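J.: Handing you a structure now.
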Amino acid sequence: ESNWAHVEMAPPDPIIGVTEAWRADPDPRKLNLGVGAYRTEEGKPLVLACVREAEAQLMADPNSNHEYLPIAGNAEFCRLARTLALGGDCPALQGGRVATVQALSGEGAGGGNGGGRRGEGVCMARTGGGGEGRVATVQALSIEGAGGVEGGRRGEGVCMARTGGGGEGRVATVQALSGTGALRVGAEFLAAHLPSTAPRVVYLPSPTWGNHKTIFAKAGFQVREYRYFDAATRGLAFDGMCADLASAPRGAVLLLHACAHNPTGVDPSPQQWARILALAQEKALLPFFDSAYQGFASGDLDADAASLRLFVRSGLELVLAQSFAKNMGLYGERAGALSVVCKCKDTAGRVESQLKMVIRPMYSNPPMHGAAIAAKVLGDARLREMWRVELKGMAERIISMRRALYDALYERNVPGDWSFVLKQIGMFSYTGLSRVQCQKLVNKWHIHLTLDGRISMAGLSAQKAPYLADAIADVVA
Ligand code: PMP
């Protein structure tokens, strides 16, 4: 008798299963609208030219090797990633060089930040105290800063001046296994290190990316939902959302999609974000931003980070999970980052040491390749500009697919108001099609999608939009 005889078959993943069904479908008209990955007009995966070039440069470097990264990963990647999200002028990053140096030298010394340095008083003393003179990494230090590279490579004098400048530098960042890994490490850290008085409760939007629930549940959180999608308007259920947040227990974790909400494509307006921030402040909620689509939503990296930056500038502490899967097309490379924005830089140093304590027994240290590519693209002015243009191109193709689908539905006089197709943001559109209607799309029309009615606009092409509109017209008739 096998030890595993009693093991039951787990249910297939609802999203991964769609692509498998699509692969197995022999019909030439078939369409994969389940895939959460960018596709070209020809339906092919896209490797960005900036990524190809960064990769070629890495390969050609005679000094490259396959040594381990530190537990917290590629430090330059971490700095560039968080600056991309928070903005080069973010007050929380000014003086960030110091926090980063501490981390690096802590690693080098093998000891982290030592135990027992708790409490605000100590913290403030240390902030002013500046025992951070171990600057073996001046060049790396100077890379972080407004606008990245051009402003970055300053001389030692400037760097030292800034180190002494007493800015904030209160963001702890570690490399993570893409967005999923960042969420998981973040959730584990919070479960272990939130104040003992805070509830281990997380509020997720309803609906949300399915993996959120499991990630937080696995980390020991009680998972609750706040109203988000309003089926009647196919827009935001804003009043319901506010009511749910207002009744959340003080100190609960509040998961927010930074932009391009998955699966609904519905984002709050700037005014609504301001209200959500006010509620988070009133209820002392801890915001956890999931940023999986920066630049992919609007085509503008800064515009897509506006919600996050609003929160950071308000002075709140928060957590940020970043993924480079979509916006750099690095899906399988697992390039991501986790940042914890703290009240002061001493706290950031201690937080980073504890993030490493989460990572070490989980997977020891992250893979190098994807982070090295992303760091090259972010840190080289020319590659970064190439990226900006290519990213905008991806976002614009998706936006144009919304127009193509809307026009084709309009031409066919498909009953109902389909203007939401134009209004929704990012890779997905949440159609409101029923499970039965979705099944008919799959079985009769060979259009593969998740049965919640989510369609990936990235899987559509101008050529296939009329076919999809025919199929939708048929299933809603
Ligand atoms: N969060 C959201 C909202 C997502 O849509 C995704 C990808 N589907 C992720 C996180 C994580 O993706 P990855 O781990 O590939 O970066």
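J.: Of the listed peptides 172-182, 247-257, 8-18, what is their order by residue-averaged count of other C-beta atoms within 10 Å, with the highest listed first?
T.: The packing order, highest mean first, is 172-182, 247-257, 8-18.
J.: Moving on. For region 322-477, give the magnitude of the charge dipole about the Cα centre (Cβ charges: +1 Lys/Arg, -1 Asp/Glu; no others), in debye to the nearest 20. Spell out each step's value before the answer.
T.: Values: 22 positive and 13 negative charges, 94 e Å.
For region 322-477, the charge dipole is close to 460 debye.
J.: When only alpha-carbon atoms are used, what values of Rg and Dmax, in angstrom, describe region 164-286?
T.: Computed over the Cα atoms of region 164-286, radius of gyration and Dmax are 15.3, 56 Å.
J.: Which of the pairs K218/K444; K283/K345; K356/K392; K213/K326 have their Cα atoms more than 30 Å apart in this structure?
T.: K218/K444; K356/K392
J.: Taking the alpha-carbon centroid of each part, what is the distance from region 413-444 to region 447-477 in angstrom?
T.: Here the answer is 7 Å between Cα centres.
J.: A60 to R403: extension gain in nm, 0.36 nm per residue of separation minus the Cα-Cα distance? Mind dumping the intermediate values first?
T.: Numbers: separation 343, 0.36 × 343 = 123.48 nm, distance 4.27 nm.
Stretched out fully, the A60 to R403 stretch lengthens by 119.2 nm.
J.: Mind listing the long-range amide H neighbours of L177? Cut-off is under 5 Å, sequence gap 5 or more, other chains count too, H placed in the peptide plane at 1.01 Å from N.
T.: Result for L177 returns A182.
J.: Right, here's the next one. So for region 259-323, what percent of the C-alpha to C-alpha distances run longer than 17 Å?
T.: 39
J.: Another one. Assuming 0.36 nm per residue, please report the length gained on full extension of the stretch A21 to K213 beyond their Cα-Cα distance.
T.: Full extension from A21 to K213 adds 66.7 nm.
J.: Tell me, what HN-Hα J-couplings in whole Hz come from the Karplus equation 6.51 cos²θ - 1.76 cosθ + 1.60 at θ = phi - 60° for each residue of region 38-54, using x for Gly and Pro?
T.: These are the phi-based 3J(HN,Hα) values: 5, 10, 6, 3, 8, x, 9, x, 10, 9, 5, 4, 5, 6, 4, 5, 4 Hz.
J.: Can you list the HN-Hα couplings for region 460-477, worked out from phi with the Karplus curve (6.51, -1.76, 1.60; θ = phi - 60°), rounded to whole Hz and with x for Gly and Pro?
T.: 9, 10, 4, 5, 8, 4, x, 5, 5, 5, 4, 5, 5, 4, 5, 6, 8, 5
J.: Quick one: what are the phi-derived ³J(HN,Hα) couplings along region 258-267, Karplus 6.51/-1.76/1.60 with θ = phi - 60°, whole Hz, x for glycine and proline?
T.: With coefficients 6.51, -1.76 and 1.60, one gets 4, 6, 6, 3, 10, x, 8, x, 10, 10 Hz.
J.: Right, another one. Would you mind ranking D452, D89, D304 by Cβ crowding within 10 Å, fewest neighbours first?
T.: Result, fewest neighbours first: D89, D452, D304.
J.: Moving on to the next point. Give me the distance in nm between label points sitting 7 Å out from Cα along the Cα-to-Cβ direction at L310 and S206, one decimal.
T.: Once both label points are built, they end up 2.4 nm from each other.
J.: So how far apart, in nm, are the two label points at R388 and N443 if each is 7 Å from Cα heading toward Cβ?
T.: Going by the 7 Å Cα→Cβ label model, 5.1 nm.
J.: For labels at D470 and V7 in the simple 7 Å Cα→Cβ model, what's the distance in nm?
T.: About 4.6 nm separates the two model spin labels.
Read-outs: derived from the displayed coordinates by stated rules, not from any lab. Here the structure is a predicted model, which is why all the values come from computation and not from measurement. Counting neighbours? That spans all protein chains shown, and the Cβs are built from the backbone with ideal geometry, glycine included.
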